[in-house]
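The structure under discussion appears below in the form of structure tokens.
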Amino acid sequence: MFNRYSLFRLIYASCLVVLSSLFSTSQAQDNMVVDIIKPVISTHSKILKLSGSLSAEKYSMLSPRVDGLIAKVNVDAGSHVKKGDVLLQLDPTMSQYQLKQIKANVIRVMADRNEADRIVKEAEGLIARKTIPQNELAIRKANLELKKAELLSVRASQAIIEETLRRHDLIAPFSGVISNKMSEMGEWVSRGDSVLELVNLDEVRLDIKVPQEHFAEMTKGAVVTVISDAYPKQRLKGHIHAVVPVSDSQVRAFLVRITFDNKTLSLLPGTSATAEFTMPLANNHQLLIPRDALLINPDGSHSVFIIENDKAFRRKVELGRILPAGVNIISGINIDDWVVVRGNEVLHHQQSVTVNYIDGIR
């Protein structure tokens, strides 16, 4: 009798211990500590990368302004020149002879003019003494005017010959580099014949064909990052100089021209480069939360735990872009919600929790 009673008391005490342990475990589980955070407004942008061709803003195929025989070429391909430098000279011999001839004509006509002027003055004195008729003075004055006109004509001819002589020198219209030499000494060239190719490397532009769906996102003056294929480790800052509002019907794209300073010669005309356009996201008001807050549902969708009155509630969310700083949430949570970022793996819907507040996206 005593043994049965003792055995019953032992079993009863063991049950109490087990029940107490289960109750304590359940209570501890219900009051699990979790880290929570509030979502923030996404301020991230998307990067549009497009390739294009670099070209010089100043590029000229130089040709002589008069016909002639090349007497001297002062430059070669690769020569750096400054504005005003003499690049090429034509043989000036014939023009020099013409100049001497016209100068002699100027001297002769000036003498004729002076003589005609003397004769007029002489006639005016004779008219005062009434020794010659009045019409004689008129004839002499008319001859003086003819000599004056002839002098103006030969002086104009002299100016033309002098300008022709100056045009025997081909002058650099701007500073740059001779990229090609097409003629040599001894060749006969005519006006319009290309003899040298001059490129200014200090002013380079990048032409990009941008798809038509991005037309509204291109703003004149916007900053663009440019990476030259010739120098892939350098990132240069450029600006949108022009947006040509005419689309190419073949490729459904329009021209965007980018300009920038190129004093370091990092950009070479004729090479390719990539432009990175920074553009705001279409839904830039989306919320951003840490990736640790996301849970995957059995159907492949995503959800998060929201804390309300120290209880966890599971909500289904729609994801946007996945960024280095977190994940954009299109729908499912509000800006004022507290989102669980740690401890959510073992939480249950409507489970009581103890919260630990965290600041900022992790």
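Positive end of the dipole of segment 92-167, charges at C-beta (+1 Lys, Arg; -1 Asp, Glu), about the Cα centre: which of Gln96, Asn143, Ala128 has its Cα farthest in that direction?
Farthest along the dipole direction, towards plus: Gln96.
Only Cα pairs under 8 Å and at least 6 apart count here; give the relative contact order of segment 92-167 as a rounded whole percent. Spell out each step's value before the answer.
On the way: 49 pairs, mean separation 36.8, N = 76.
Relative contact order comes out at 48 percent.
If we count every other residue with Cβ under 11 angstrom of Leu48's Cβ, Lys/Arg +1 and Asp/Glu -1, where does the sum land? Can you show the working numbers first?
Working: positive: Lys46, Lys49; negative: Glu213, Glu217, Glu276.
Taking every Cβ under 11 Å from that of Leu48, the sum is -1.
Do the sum for the chain: with -39,500 (n - 2.57) for every DSSP H run of n ≥ 4, divided by all residues, what is the mean residue ellipticity at 222 nm, to the nearest 500 deg cm²/dmol?
Values: 3 runs with 98 residues, N = 362.
That calculation yields -10000 deg cm²/dmol at 222 nm.
What per residue convex hull volume, in Å³, comes out for segment 92-167 when only alpha-carbon positions are used?
Details: hull volume 4.4 nm³, N = 76.
Dividing the Cα hull volume of segment 92-167 by its residues yields 58 Å³.
List the aspartates and glutamates whose Cα sits under 17 Å from the Cα of Lys311, skipping any in the same chain fewer than 8 residues away.
Asp30, Asp35, Asp336, Asp337, Glu345
Work from the charge dipole of segment 43-119 (Cβ charges, +1 for Lys and Arg, -1 for Asp and Glu, about the Cα centre) and give the residue of Ser55, Gly78, Asn105 farthest towards its positive end.
Checked the options; the winner is Ser55.
Here is the link list: Lys83/Lys220; Lys49/Lys209; Lys46/Lys237; Lys72/Lys181; Lys58/Lys233; Lys82/Lys181. Which ones come out longer than 19 Å on Cα distance?
Details: Lys83/Lys220 31 Å; Lys49/Lys209 11 Å; Lys46/Lys237 17 Å; Lys72/Lys181 13 Å; Lys58/Lys233 26 Å; Lys82/Lys181 17 Å.
Among Lys83/Lys220; Lys49/Lys209; Lys46/Lys237; Lys72/Lys181; Lys58/Lys233; Lys82/Lys181, the Cα-Cα distance tops 19 Å for Lys83/Lys220; Lys58/Lys233.
Dipole size in debye (nearest 20) for the chain around its Cα centre, Lys and Arg Cβ +1, Asp and Glu Cβ -1?
Numbers: 44 positive and 40 negative charges, 127 e Å.
In debye, rounded to 20, the chain gives about 600.
Compute the signed sum of charges (Lys and Arg +1, Asp and Glu -1) over the other residues within less than 10 Å, Cβ to Cβ, of Ser303. Walk me through the numbers on the way to the answer.
On the way: positive: Arg314, Arg315, Lys316; negative: none.
Net of charged neighbours comes to +3.
Determine, from the Cβ-Cβ distance of Ser157 and Asn135 and an R0 of 30 Å, the FRET efficiency 1/(1 + (r/R0)^6), rounded to the nearest 0.05.
On the way: r = 33 Å, r/R0 = 1.10.
Plugging the Cβ-Cβ distance into 1/(1 + (r/R0)^6) gives 0.35.
Sticking with the crude label model, points 7 Å out along Cα→Cβ, report the distance from Lys220 to Lys233 in nm, one decimal please.
3.8 nm
Express in whole angstrom the spacing between the alpha-carbon centres of segment 286-362 and segment 92-144.
Going from one Cα centre to the other spans 107 Å.
Want the number for Ile296 to Ile322: 0.36 nm per residue separation, take away the alpha-carbon distance, what's left? Mind dumping the intermediate values first?
Numbers: separation 26, 0.36 × 26 = 9.36 nm, distance 1.49 nm.
Residue separation times 0.36 nm, minus the Cα-Cα distance, leaves 7.9 nm.
Just the number, please: percent antiparallel of the DSSP beta bridges in the chain, rounded to the nearest 5.
Numbers: 81 of 86 bridges.
Restricted to the chain, the bridges split so that about 95 percent are antiparallel.
Take the chain, compute every pairwise Cα distance, and split them into 20 Å bins from 0; I just need the percent in each bin.
18, 23, 21, 16, 11, 7, 3, 1, 1, 0
Considering only the other residues whose Cβ falls under 11 Å of the Cβ of Ile178, what net charge follows from Lys and Arg at +1 and Asp and Glu at -1?
Numbers: positive: Lys181; negative: Asp76, Asp85, Glu197.
So the environment of Ile178 carries a net charge of -2.
Give, as ranges by residue number, the residues of segment 285-317 whose backbone N falls under 20 Å from the point 7 Å along Cα→Cβ of His349.
Answer for this model: 293-317.
Applying 1/(1 + (r/R0)^6) with R0 = 25 Å to the Cβ-Cβ distance of Ser63 and Thr271, what FRET efficiency is obtained, to the nearest 0.05? Mind dumping the intermediate values first?
Numbers: r = 27 Å, r/R0 = 1.06.
The calculated FRET efficiency here is 0.40.
Each value in this text was obtained by applying a stated rule to the coordinates, not by laboratory testing. What you are looking at is a predicted structure, and each value in this text was computed from that prediction instead of being measured. Virtual Cβ from ideal backbone geometry, glycine too; neighbours counted across all protein chains shown.
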